[in-house]
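Q: Structure in structure tokens, see below.
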Amino acid sequence: MALISRKSFQLYSSSTPASRSALMTLSRRLNFISGQRKPQNCSSVAMRMMCVKDKSQYTFCRKKHVQLQMQSHSVNEAVHLCGDTRNCTKSNNVWMDEQSFFKRLNSLCTSKEILYFLSSLEVMSDTMASGALQKISELEVDDNGLKNPALLENEVFRALCFQFEFESSKLSNTGLLNALQALINLRVDPQSTLMTTLLSESEERLGRGQLTAEHLCALGESLLELEGPSSATLEQIVNHMQERDIKSWSPREIVMVYKILEVTVREGKQWQSLLNRLNGVTLRAVSQLSPNFISVILNSLVVLHQTRAVLLVTALCKHSVQHVPYFTDHELVNVLEAFLYFGQKMQIFTEALERHVPKSIHTMHPQTVSKVMQYCCKKMILSKPIFDAVAEGFISSADRLTTDQIAAYVIPFGTLNYLPPSASSLFRKLETVLHTRLRHFQPHTLLNLLHSCVLIQRYPINFLPKIFSPYFLQKLQAQPPSLNRVVMSQLTQLFLTVTLECPFYEGPKLLSKYQVKAFPTPQSSLDVHLFKRVKTGLLDLLKKRIYFASEVSTPYFYVVDIEIKLDEEGFVLPAAQLEEVHRRIALCVDGQNRFCAHSHNLLGEEAIKQRHLQLLGYEVVQIPFFEIESLQNTRKIADYLHKKIFPCTYGLSN
């Protein structure tokens, strides 16, 4: 007899006089029972079990809530209520103390078992009843909603709901709010009188200041689920929170406050004072946090832009390492986003991912894999275990990926200049997918994907006519970031690649108006300290500054770090001389930022530059940081450069 929809109460007007009389008698009986003495050990209002047989049907609301529509009852339907609770004893199983109740409840594995267990009791506290509802919601609800809508037709379930509705003012705070949360999870229609009654009672108690911190958090969680960030009551909850001593809050309460603050701050409200206190309390409680709580708090810190909470962020990131195998896909995405947002990079976290991802690649959600690859790409982390596993995952699941996910899987291979053992199968699969779904890719996504391929000498010859077509270029221009310098540099590098490395290509060319005059060289790509040491060593070696030039622009879009010119006999020419130049040496002064993190593997952009310079006729000499950083003085650097640039001998032109 769980009256879950508004239409339930139309029984008073639409049913027969006899059935109306029966319901009114039942209502009076309930009022009488609620005033009886509670059994010993029962700390809150006693819930009486009633079994009412009726016919009912369910319909699904648009938001996956279940609405129960009641039909008229016959006056002959049996209603069973407990008698005087003073006669209840443990021996006949009609009363059970809360500790024993919850121990038994936690041992049950299905809602059917729980409801059968409840039917054996004639009286229970409201906290026991709400606990049972919560346990049922845990078992019966998954990501797709309520598994078995027929559950709400069960007589015991309906009896509980009936009493929660008509005894709402006499419920304990815990019983009231736990029941509200459970019924929300069970997708009960939020417009039903049951839900509106419980919500109204909760808000009245909030206004009277009767809710503890724990209850405030529970109500906030329910409001977020039921009404979303538009709930006006959330701000009232935060105001009450500010008045409480947060030092004694449990991890669950801490997490809930962060979630509420996410919403209120988005709505333009500022609670930084409360946030500062909350961040301090959370820092001391980090070791007690579950994987879910770590993920939620890190996500909240990102949303709330808590860039000054450095100690808390660092502690949470360190603590997350041990939980990597236990994070859900969604939780791991939140953690990775926090690492990216706050600039965190920990070798132990990477190692944890290296252990986890290869084992889980075939069960991980593609969006999680995409985020792992984004993390590696942004942090320049070339993790061969991760990349090899992702390559295998792509080969087996590419047909099920979205176009953005395809790009997220593949682009890091080019960015970090790495070909996995399964490279041939990987790019065969990519070509097949592109042939099938080329028109589904957004223009900039497609350009980024194909550009990443040429970085590692995988040439998308069949797709370049589309890229260089006026129609595609117009589409690029029409969408952000339009044809900015980065986009035009990618187009130019694609064109230069097919010109130098694919002489058999006979398709459309890239019009000059879409080409850059020089590829942009980010200031951060040049290690100024290393560059200065190399120039000092060259000066000691060549004796005069006129014999080499630095940061030289070439007619071929690239900028050479240091250029040395030689004549036909091998003598060094002044850098300004334009005639009789027989050989050009390009020194690539490669600092750590041109390599993958903790690696001697060049990044894709630098690798293609050196490859193209060689094809353009330069003698490329790489000066990597790890070969020169241990040299202590200018003389040793000059000797190193002598062996590197002129392995046999050298001379100066007069």
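The values are calculated or read from the model by the stated rules, or taken from the named source; none is laboratory data. The model shown is predicted, which means the values in this text are computed figures rather than measured ones. Glycine gets a Cβ as well: all are built from the backbone with ideal geometry, and neighbour counts include every protein chain shown. For the accessible areas, the whole protein counts, side chains as well, though only heavy atoms, and no ligand, DNA or RNA atoms are used. Shrake-Rupley method; radii C 1.70, N 1.55, O 1.52, S 1.80 Å.
Q: Tell me the residue from Ala586, Ala607, Ala638, Ala597 that is open to solvent by less than 80 Å² (accessible area, probe 1.4 Å), part of a helix (DSSP H, G or I) and either under 30 Å from Phe387 (Cβ atoms) or among the basic types (Lys, Arg) (or both), please.
A: Answer to the selection: Ala607.
Q: If Leu538 passes every condition in (1) in contact (Cβ under 8 Å) with a residue 40 or more places away in the chain; (2) closer than 18 Å to Gln610 by Cβ but one, which one does it miss?
A: Failed condition: (2).
Q: Show the residue pairs meeting these rules: Cβ distance below 6 Å; 6+ apart or different chains; first residue within the stretch 167-181 and in contact (Cβ under 8 Å) with a residue 40 or more places away in the chain; second residue in a helix (DSSP H, G or I) and among the aliphatic types (A, V, I, L, M).
A: Leu177/Ala218; Leu177/Leu219; Ala179/Leu133; Leu180/Leu198
Q: Here's something else I'd like to know. Please go through the stretch 395-420 and pick out each residue that is out of contact with any Ser or Thr (no Cβ under 9 Å at 6 or more places or on another chain) and in a helix (DSSP H, G or I).
A: Ser396, Ser397, Arg400 - these are the residues of the stretch 395-420 that are out of contact with any Ser or Thr (no Cβ under 9 Å at 6 or more places or on another chain) and in a helix (DSSP H, G or I).
Q: Given the conditions (1) more than 14 Å from the chain's Cα centre (by Cα); (2) hydrophobic (A, V, I, L, M, F, W, C); (3) at pLDDT 95 or above, report the number of the one that Met346 does not fulfil.
A: All conditions pass for Met346, except number (3).
Q: Another question, if that's okay. Suppose we keep only residues that are part of a helix (DSSP H, G or I) and in contact with a helix residue (DSSP H, G or I) (Cβ under 9 Å, 6 or more places away or on another chain) within the stretch 303-312. Which one would you say is least open to solvent (accessible area, probe 1.4 Å)?
A: Looking at the filtered set, the residue picked out is Leu312.
Q: Working carefully through the options Phe472, Phe468, find the one that is of a type outside the set (Ser, Thr, Tyr) and under 28 Å from Gln610 (Cβ atoms).
A: Phe468
Q: Right, here's the next one. Kindly indicate whether Leu219 is of a type in the set (A, V, I, L, M, F, W, C), under 25 Å from Leu139 (Cβ atoms) and either part of a helix (DSSP H, G or I) or modelled with pLDDT under 85 (or both).
A: So Leu219 passes the test.
Q: If you go through the stretch 107-140, how many residues are part of a loop (DSSP other than H, G, I, E, B) and open to solvent by 10 Å² or more (accessible area, probe 1.4 Å)?
A: Adding up the residues that qualify gives 6.
Q: Out of Pro470, Pro460, Pro481, report the one residue that is within 33 Å of the chain's Cα centre (by Cα), more than 25 Å from Leu616 (Cβ to Cβ) and open to solvent by 10 Å² or more (accessible area, probe 1.4 Å).
A: From the options Pro470, Pro460, Pro481, the qualifying one is Pro481.
Q: When you go through Asn173, Asn185 one by one, which is the residue that is in contact with a strand residue (DSSP E or B) (Cβ under 6 Å, 6 or more places away or on another chain) and open to solvent by 10 Å² or more (accessible area, probe 1.4 Å)?
A: Among Asn173, Asn185, only Asn185 is in contact with a strand residue (DSSP E or B) (Cβ under 6 Å, 6 or more places away or on another chain) and open to solvent by 10 Å² or more (accessible area, probe 1.4 Å).
Q: Within the stretch 541-551, how many residues are under 21 Å from Pro647 (Cα atoms) and open to solvent by less than 50 Å² (accessible area, probe 1.4 Å)?
A: Of the residues in the stretch 541-551, 5 are under 21 Å from Pro647 (Cα atoms) and open to solvent by less than 50 Å² (accessible area, probe 1.4 Å).
Q: For the stretch 229-245, indicate whether the set of residues that are farther than 28 Å from Gln288 by Cβ and of a type in the set (Asp, Glu) is non-empty.
A: Yes, because at least one residue in the stretch 229-245 is farther than 28 Å from Gln288 by Cβ and of a type in the set (Asp, Glu).
Q: Tell me, which residue of the stretch 493-510 that is within 13 Å of Leu464 (Cβ to Cβ) and in a helix (DSSP H, G or I) is most open to solvent (accessible area, probe 1.4 Å)?
A: My answer is Thr499.
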